[in-house]
Amino acid sequence: MASRQELSDFLSSVERRAFKQAVFAVRDDDTALDLVQDAMMRLAERYGDKPAEELPMLFQRILQNRIHDHFRRNKVRNFWVTLWSALRGPPGEADEDFDPLESFEAEEGSQAAESTEDRVASEQTVRIIEEEIERLPTRQREAFLLRYWEDLDVAETAAAMGCSQGSVKTHCSRATHSLAAALRSRGFKS
Amino acid sequence: MTNHSFRPARSVRTTDAFTRSVVSALDAGTERLPYRITHRLQLASQAALAAQTAVLETVEANVFATVHAGSGARGGHDQPSLPWRLLVTLLPLAAIIAGFVAIADIGDALEADETAEIDEAVLTDEVPISAYADHGFGVFLKNNRP
């Protein structure tokens, strides 16, 4: 059974990523906060007596279900078309030689030395990547984030998504290729 | 996540390097969340912890109640014991069966009394009992009926 401290540590470790996952899906901060809070409450109320090692998969499953429920309640919302035009700037505007991923080339510990310019570049990179993550098809985004960001293994990801392990691999592969292609088109060198 | 394990990723060449770079960028994004968001997330965590505490207390209370209910069955006052509940259930049934038996006995006794009265009347009559088997005596009684 997860102790109060274990649950507290788990929630602290996952809350921000959970929020971003929800934002990627619903694209609204307040709605995302509500979804994360609902997922946390449900985890605590229904599965608070589960072992600590089961919490990540359970929480992700709950969160994904909450997000899906949200979309079921809001079927008319079409969020794919608008963001593409809103967020994508005019082509050729970016520096041809600029590679956004270079802002993440430093090893841990060297971040303190980053200049304001580097910081702006880094923030821009983060924003671009988050935009492209948002644009991924829902299942691909879920698989990619659970597998690589939440660091769940294939079986846990499949359990959290409610699909087969083969589907997880397919979604992850497609998401990675789509994301790489999208980032190349926005200035990442390949 | 507070771990900034940014790794070299000058280009998108391999999936591993690429995904590591993307994950690092995503981690960095979580570090830049505004206070409004982080504060609400903290409140949500606290609410969830309070909910877990409440659930665990409820579970413990239920376990405690179950244990005491078990001891109550062996002589407590919270819930009637099993023999007592059986007695309460079976007693009305036994009363009904006893009633039927009593009614049947009383019916048999009344029938026996009635038969005895007839026998007594026949045996104490002045007319011999063999007369009632005689056809002529039967005709006589029929003709002299008041």
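The values are calculated or read from the model by the stated rules, or taken from the named source; none is laboratory data. Note that the structure is predicted; figures quoted are calculated from it, not measured. Using ideal geometry, Cβ is built from the backbone for each residue, glycine included, and neighbour counts are taken over all protein chains shown. When the accessible area is computed, the model is the full protein with side chains, heavy atoms only, and any ligands, DNA or RNA have been set aside. Shrake-Rupley method; radii C 1.70, N 1.55, O 1.52, S 1.80 Å.
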Part-to-part distance (alpha-carbon centres) for segment A:117-147 and segment A:33-66, which is given in Å: 24 Å
Heavy atoms only, probe 1.4 angstrom, no DNA, RNA or ligands counted: give me A:CYS163, A:CYS172 ranked by accessible area, highest first. A:CYS163, A:CYS172
Ranked order, A:HIS68, B:HIS39 - accessible area, probe 1.4 Å, largest first: B:HIS39, A:HIS68
Suppose R0 equals 51 Å; then what is the FRET efficiency for B:ASN144 and B:ALA98 from their Cβ-Cβ distance, rounded to the nearest 0.05? 0.50
Hand me the trypsin sites (Lys or Arg not before Pro) from segment A:1-39 located in a DSSP loop with no more than 15 other Cβ atoms within 10 Å, in residue order please. A:ARG27
Report the GluC sites (Glu not before Pro) located in segment B:85-146 that are in a DSSP loop and have at most 13 other Cβ atoms inside 10 Å of their Cβ, or state none. B:GLU126
Label zone at A:ASP69 (point 7 Å along Cα-to-Cβ), backbone N below 17 Å, segment A:136-160: A:160
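Give the interface area between chains B and A as buried accessible surface, both sides summed, probe 1.4 Å, in Å² to the nearest 100.
When B and A are taken together, about 4300 Å² of accessible area is lost.
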Measuring from label point to label point, each 7 Å out along Cα→Cβ, what is the B:ILE118 to B:VAL59 span in nm? 8.0 nm
